[in-house]
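J.: For reference, the structure I am asking about is given below.
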Amino acid sequence: MRTYIALFRGINVGGKNKLPMKDLVAALEDLECQDVATYIQSGNAVLRSEEQDASLLSDRIMATIGERHGFEPRVLMLASEEMERAMRSNPFPEAESEPKTLHLYFLASPPERPDLTALEAIQGDRERFVLGDVVFYLHAPDGLGRSKLAASVEKLLGVPATARNWRTVCKVMEMAQQRG
């Protein structure tokens, strides 16, 4: 049995794609996931599953939510080891003390032709970023809402992504560790 972290994109944002967490838990349990727990309403779940293919599990989850709620949110599945590796690779450890300023964008796949020049051109004076293999790290000390770079990451990398701040990353990793 593997422990996974499911990162849902675009649910419960601005009154759209409403998915109560109790409904999400029920859907995951109906897919034979075990030890399911969620963290905040924006779509973070930790679960255990016999399924070894994360992409297949992601597809099943999207289809189940689509059948029950009429929309299919993108679901990025990470094995707990992948989240742990992303955390260990954080290039901005000094920013961990201000967890709302440090963001990890989990990428659906490695970018083939990321436009790093364009990202550099729009980054704020105090912003810093590093592109890893499948994680884009952004330290935005002036806030994500003011960041032109944050709003353009997905477009300029050319791959689907979903972002979480350091506090959320730490909390879901803690939940995953409790499940083994």
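J.: Checking the structure you have, find out if any residue of region 70-79 is over 16 Å from Ala176 (Cα atoms), not in a loop (DSSP other than H, G, I, E, B), not assigned by TED's automatic domain parsing to the domain that holds Arg167 and not polar (S, T, N, Q).
T.: As a first pass, look at region 70-79 and keep what is over 16 Å from Ala176 (Cα atoms): 70-75.
Keeping just the survivors that are not in a loop (DSSP other than H, G, I, E, B) gives 75.
Okay, now just the ones that are also not assigned by TED's automatic domain parsing to the domain that holds Arg167, so 75.
With not polar (S, T, N, Q) added as a condition, the list becomes 75.
Scanning region 70-79 turns up at least one residue that is over 16 Å from Ala176 (Cα atoms), not in a loop (DSSP other than H, G, I, E, B), not assigned by TED's automatic domain parsing to the domain that holds Arg167 and not polar (S, T, N, Q).
J.: Moving on to the next point. Filter region 5-45 down to residues that are in a strand (DSSP E or B) and over 12 Å from the mean Cα position of the chain (by Cα) and give me whichever is nearest to Ala161 (Cα to Cα).
T.: Looking at the filtered set, the residue picked out is Val13.
J.: Any chance you could count how many residues in region 171-180 are surrounded by fewer than 19 Cβ atoms within 10 Å (Cβ to Cβ) and within 12 Å of the chain's Cα centre (by Cα)?
T.: Count: 1.
J.: Right, here's the next one. Kindly evaluate Thr101 against the criterion of being β-branched (Val, Ile, Thr) and crowded, with 17+ Cβ neighbours inside 10 Å.
T.: Yes.
J.: Taking into account only those residues within region 82-101 that are within 13 Å of Val169 (Cα to Cα) and part of a helix (DSSP H, G or I), which is nearest to the chain's Cα centre (by Cα)?
T.: Step by step, filter region 82-101, then rank; the result is Met83.
J.: How many residues does region 45-68 contain that are closer than 16 Å to Glu81 by Cα and touching a helix residue (DSSP H, G or I) at 6+ places or on another chain (Cβ under 8 Å)?
T.: Number of matching residues: 6.
J.: Out of the residues in region 99-157 meeting the condition of being of a type in the set (Ser, Thr, Tyr) and without any contact (Cβ under 8 Å) to a residue 40 or more places away in the chain, tell me which one is farthest from Met77 (Cα to Cα).
T.: Looking at the filtered set, the residue picked out is Thr117.
J.: Which residue, of Asp53, Asp23, Asp35, Asp59, is within 25 Å of Gln178 (Cα to Cα) and either without any contact (Cβ under 8 Å) to a residue 40 or more places away in the chain or among the hydrophobic types (A, V, I, L, M, F, W, C) (or both)?
T.: Criteria check complete, one pass: Asp53.
J.: Can you tell me which residue among Gly66, Gly10, Gly43 is surrounded by fewer than 17 Cβ atoms within 10 Å (Cβ to Cβ), at pLDDT below 95 and on the phi > 0 side of the Ramachandran plot?
T.: So the residue among Gly66, Gly10, Gly43 that is surrounded by fewer than 17 Cβ atoms within 10 Å (Cβ to Cβ), at pLDDT below 95 and on the phi > 0 side of the Ramachandran plot is Gly10.
J.: State all residues of region 133-159 that are closer than 17 Å to Ala86 by Cα and modelled with pLDDT under 95; if no residue qualifies, say none.
T.: Passing the criteria: only Asp133.
The values are calculated or read from the model by the stated rules, or taken from the named source; none is laboratory data. Since the model is a prediction, treat every value here as computed from it, not as a measurement. Glycine gets a Cβ as well: all are built from the backbone with ideal geometry, and neighbour counts include every protein chain shown.
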